[in-house]
Amino acid sequence: MTTDMSYSFIKKSIHTLSFLLILLITASTTAASVLPDTLYRRIPGMVTPKGPYRPERAMKSDILYTRLDVSFDWQRQQMPATAIIKFKPHFYPSNILELDAKGFDVKEVVLLDSLSNYGDASAADITKRIQKKLEYTYDKRKLNIKLGKTYTRKDTLYLRIAYTARPNDILRDQSDDHPSDKGLYFINADGMEEGKPKQIWTQGETEGSSCWFPTIDAPNQKFTQDIYITVDSTYKTLSNGLLVGQETKKDLRTDHWKQTLPHAPYLAMMAIGDFAVAKDIMPGGLELSYFVEPKYGGDAHAIFGRTPEMIGFFSNIFGVDFPWEKYAQVAVRDFVAGAMENTSATTHEESVQNDTRSLIDGNSDAVIAHELAHQWFGNYVTCEEWGQLPLNESFANYSEYLWSEYNDGKNEADWQNLQEMKQYFGEAETKQEPMIRYFYKDAENMFDSHSYAKGGRILHMLRKYTGDEAFFASLKHYLQTHAFGTAEIDDLRISFEKVTGEDLNWFFDQWFHRPGHPQLKVEQQFASNKVILKIKQAQDTLATTVYRLPMKVDVWVAGKKNRYDIVLDKANQTFEFPAAKKPDLVLIDGESQLLGTIEHEKIRPEMAFQYTHATDFLPKYEALSSLEGKLADTTARGILIRAMNDPFWKLRQMAISNFSEYEGEGFVNIEKIIQERARLDPHPQVRSEAIITLASYGDNNSDSIYRQALEDSSYQVVSVALEKYLMGQPSDAGEIAVRFEDSPNDAIVTSVGNYYAGLAEPGRYNWFLEKMKRMKPSDKYNFLQVFGKYLIKSKQDIQRQSIPILESLARNNPAYFVRFGAFQVLGLLTDIQGVNSIRKDIRAKETEPKLKEMYSQFGEL
């Protein structure tokens, strides 16, 4: 699963209402995406309370097979169903089967005879095979079925349970109950939300599957399944495995999906809706399908079209062919996570859908690669308990790096690697936990930047330590050894040890079983033809550990680099390296692989040398970062001018941004370079940054560039250029705004909205409402900011009209960050009687943990 990293961004934006006011008045689209394309549901950055010991779920019984026959009551948002469960006692004799079943109306439980194949049996045949009704007890959470006699592990039994799933009636009376976790979701069930399709979809991780079918909802269960889905014949369905049959009666159609390979309960899925479906066929016949809303049907291959190559790439490097019968991806509305790796059928939230032109500004390859990698790490081999989650998520996270390295190049992968590392460091300011956790309050606590970002960086270090050949051979050993089963962290360690022949307990102990990360402080001296490095591990070694850190040290002398291997394994160590003269540069961790911080003071000429001589992205990035704000220095300015033509786009963008509002020496030539970048740079982020920087000069020298950029192939560039052009109030501003106000791209519409907000014309009120209604959640959050700017410049009658609209968004929108954005805008209208009371009530009745924590940042209203 990918999680909700939008939370950490929004959290930084809510320190005070005065900050919000500034934010709204100056709202613009120049930040590109206020929320990332991949939205996540978990809560990175929050301190996790210690909880009880969490062992692997005791396996009293093994579910071997499940058949579901389901239909849907859209009006009541319920699912009438029957489940046939094949099971046996795990080891000890038993006369009870205990199932997880949340919020059901249980109608009947019967024992069936041992027919060899219930997957293809008709309803009439199943009825004939009823042996007897069984007694049971049910408390809306656990269904305890009395089997009538004691059975052993040599016995195999079949039960049929008739029930109705009622996801809106699930109990919320336990401390770890989550109000948004329903397992089964009806979207726009009554069809009253204009512009939103009617859909049904499921979400199983961590224990949501037992909200729609009875099971043992633990990751250490593995079973095969058949699902018969009866729907209106106008809808398409998707589930795990292959579609092996369809039967139509009048206006209803029943689709039969068969999953013949075992998987965990949380990976079962359904999706129902009006989808366009595009397909690819892999060599060997593996079918890939992409389910999108009809308006994106022509863009489906542009969105998902790298998937065949990804499957080939991962199959090759993991050493195991794609293990499932097919692979499908579906985009749904109001999804509660960024995406979910259901076996053979990944569910994505709606922002993965973009028209082909939008994909110029960035695609969703990272999340697509992440969920695809889970088909091996998580689905094929599953963590035995949620405290072992890094065995799933760390590998999926690192697979994003692997794909980017292969497809986009090492610089791009290393740039993303840096973002992940910063994400973990941000969380580590308030939360440091072992990667593998045996004590936690709630499984949801595991879905954090430790399991994802930190875990991916740990795997990168392990790869660098063992070397590529051993690293990928070890992954192959791990996958093959535990195929269709479960694992814990020691299983991974043992695979690496068997392949490398080396005891790696030290590595797994310090990185997976202990919290924190190394914090190195380096003192550098030169004396007697030697470079002397004194390195201190400055982290709290009592709370974490003294790390063993094999790494490279690069020493440049007279322009020549020598690389040395060191092992840092003490709290304080001194290393010496030969040098005929004072070195040009010493670079600790020459491979840029360490998950940790390094304080190593360098003078400006050393940083200039580092930029010009280092070959990897990270030291170049570090050098440019150190030169920010140093434009008065000739050396620093020269490096930043040079970097505006760096081969890698991110370094060009960084360099250009340094010249914002610059008025110093060489300005005319510098402005010409930036103008050239705005017109001709191959990367849209750089063109956008150049336009933003040119606008900071306040002259009219670049008006023609803004106007030219309105024809750019990139929506992002157009949106930035449009905003900057309209900001100058040219004579044709109104004409240009009208030209773009109905753009299919929400960022461009937001730029127009920013212009209209400044005019605050009463007649534009309905335009704002209409545009906001049809936007994706992430874009709606941005648009709410410019709507707030419009409102604070408008008269009170307009402001009053907006209050019920904003209140409804703040109370009812499925996206918590949209609710939060509407709550923020209401905060601008507190001069109107009753608004403060509305906001207090909204805040008091909010149930989403993320949003409740964000509201707490405001203090008392």
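Please state which of the following conditions Pro167 fails to meet, knowing it meets all the rest: (1) touching a helix residue (DSSP H, G or I) at 6+ places or on another chain (Cβ under 8 Å); (2) in the same structural domain as Asp105 (by TED's automatic domain parsing); (3) modelled with pLDDT under 95.
Only one criterion is unmet by Pro167, namely (3).
So Ile145 passes all but one of these: (1) within 21 Å of Lys258 (Cα to Cα); (2) buried (at least 18 other Cβ atoms within 10 Å of the Cβ). Which condition number does it fail?
Unmet condition: (1).
Just checking, does the range 351-366 include any residue being in contact with a Gly (Cβ under 7 Å, 6 or more places away or on another chain), modelled with pLDDT of 95 or more and surrounded by 24 or more Cβ atoms within 10 Å (Cβ to Cβ)?
no
Could we say that Ala337 is hydrophobic (A, V, I, L, M, F, W, C) and modelled with pLDDT under 95 here?
yes
Out of the residues in the range 178-215 that are under 21 Å from Leu851 (Cβ atoms) and among the polar types (S, T, N, Q), which is surrounded by the fewest Cβ atoms within 10 Å (Cβ to Cβ)?
Ser180
How many of the residues in the range 509-543 are of a type in the set (Ser, Thr, Tyr) and either more than 16 Å from Asp569 (Cα to Cα) or in contact with an Asp or Glu (Cβ under 7 Å, 6 or more places away or on another chain) (or both)?
Looking only at that region, the number is 1.
Quick one: is Lys132 under 41 Å from the mean Cα position of the chain (by Cα) and either over 28 Å from Gly208 (Cα atoms) or part of a loop (DSSP other than H, G, I, E, B) (or both)?
Taking the combined requirement at face value, the residue does not satisfy it.
Output yes when any residue across the range 62-80 is within 17 Å of Trp212 (Cβ to Cβ) and either in contact with a Cys (Cβ under 7 Å, 6 or more places away or on another chain) or among the acidic types (Asp, Glu) (or both), and no when none is.
The answer is yes, given that some residue of the range 62-80 is within 17 Å of Trp212 (Cβ to Cβ) and either in contact with a Cys (Cβ under 7 Å, 6 or more places away or on another chain) or among the acidic types (Asp, Glu) (or both).
For residues that are in a loop (DSSP other than H, G, I, E, B), hydroxyl-bearing (Ser, Thr, Tyr) and surrounded by 16 or more Cβ atoms within 10 Å (Cβ to Cβ), tally how many sit in the range 227-260.
The number of residues fulfilling the criteria is 1.
Can you go through Tyr564, Tyr547 and tell me which one is in a strand (DSSP E or B), at pLDDT 95 or above and surrounded by 14 or more Cβ atoms within 10 Å (Cβ to Cβ)?
Just a single option satisfies the conditions, and that option is Tyr564.
Which one of these does Phe87 not meet: (1) more than 30 Å from Gln199 (Cα to Cα); (2) of a type in the set (Phe, Trp, Tyr); (3) surrounded by fewer than 19 Cβ atoms within 10 Å (Cβ to Cβ)?
(3)
Would you please list the contacts, defined by Cβ atoms under 7 Å and residues six or more apart or on different chains, that run from a residue in the range 759-774 that is more than 16 Å from Ile803 (Cα to Cα) to a residue that is among the small types (Gly, Ala, Ser) and surrounded by 13 or more Cβ atoms within 10 Å (Cβ to Cβ)?
Ala760/Ser794; Lys771/Gly753
How about the range 788-811: which of its residues are part of a loop (DSSP other than H, G, I, E, B) and crowded, with 17+ Cβ neighbours inside 10 Å?
Answer for the range 788-811, where residues must be part of a loop (DSSP other than H, G, I, E, B) and crowded, with 17+ Cβ neighbours inside 10 Å: just Ser794.
Here are some residues: Gly245, Gly241, Gly208. Which one is free of Cβ contacts under 8 Å to residues at least 12 places away in the same chain, touching an Asp or Glu at 6+ places or on another chain (Cβ under 9 Å) and of a type outside the set (A, V, I, L, M, F, W, C)?
Gly245
Please go through the range 64-81 and give me each residue that is in contact with a strand residue (DSSP E or B) (Cβ under 6 Å, 6 or more places away or on another chain) and either surrounded by 19 or more Cβ atoms within 10 Å (Cβ to Cβ) or farther than 18 Å from Phe104 by Cβ (or both), ordered by number.
Of everything in the range 64-81, those that are in contact with a strand residue (DSSP E or B) (Cβ under 6 Å, 6 or more places away or on another chain) and either surrounded by 19 or more Cβ atoms within 10 Å (Cβ to Cβ) or farther than 18 Å from Phe104 by Cβ (or both) turn out to be Leu64, Tyr65, Thr66, Arg67, Leu68, Asp69, Val70, Phe72, Gln77, Gln78, Met79, Ala81.
So, in the range 55-69, how many residues would count as being under 16 Å from Cys383 (Cβ atoms) and part of a strand (DSSP E or B)?
Summing the residues that are under 16 Å from Cys383 (Cβ atoms) and part of a strand (DSSP E or B) in the range 55-69 gives 0.
Quick one: which of Ser394, Ser451, Ser399 is in contact with a His (Cβ under 8 Å, 6 or more places away or on another chain), part of a helix (DSSP H, G or I) and of a type in the set (Ser, Thr, Tyr)?
Ser399
Is there any pair with a first residue in the range 447-459 that is among the β-branched types (Val, Ile, Thr) and a second that is at pLDDT 95 or above and assigned to a loop (DSSP other than H, G, I, E, B) whose Cβ atoms are under 8 Å apart and which are 6 or more apart or on different chains, and what are they?
Ile458/Met435; Ile458/Leu595
In this structure, is Leu680 surrounded by 14 or more Cβ atoms within 10 Å (Cβ to Cβ) and among the hydrophobic types (A, V, I, L, M, F, W, C)?
In short, no.
Take the residues in the range 565-620 that are among the hydroxyl-bearing types (Ser, Thr, Tyr) and under 26 Å from Gly456 (Cα atoms), then tell me which one is farthest from the chain's Cα centre (by Cα).
Ranking the candidates gives Thr615 first.
Could you check, for the range 315-325, whether at least one of its residues is within 27 Å of Lys196 (Cβ to Cβ) and either of a type in the set (Lys, Arg) or not in a strand (DSSP E or B) (or both)?
Within the range 315-325, none of the residues are within 27 Å of Lys196 (Cβ to Cβ) and either of a type in the set (Lys, Arg) or not in a strand (DSSP E or B) (or both).
Name the one entry in Ala264, Ala268, Ala218 that is assigned by TED's automatic domain parsing to the domain that holds Asp69 and of a type in the set (Gly, Ala, Ser).
Ala218
Of the residues in the range 312-325, how many are within 23 Å of His301 (Cβ to Cβ) and surrounded by 18 or more Cβ atoms within 10 Å (Cβ to Cβ)?
Here the count works out to 4.
The values are calculated or read from the model by the stated rules, or taken from the named source; none is laboratory data. In this text, all values refer to a predicted model and were calculated from it rather than measured experimentally. Neighbour counts are summed over all protein chains in view; Cβ atoms, including those assigned to glycine, are modelled from backbone coordinates with ideal geometry.
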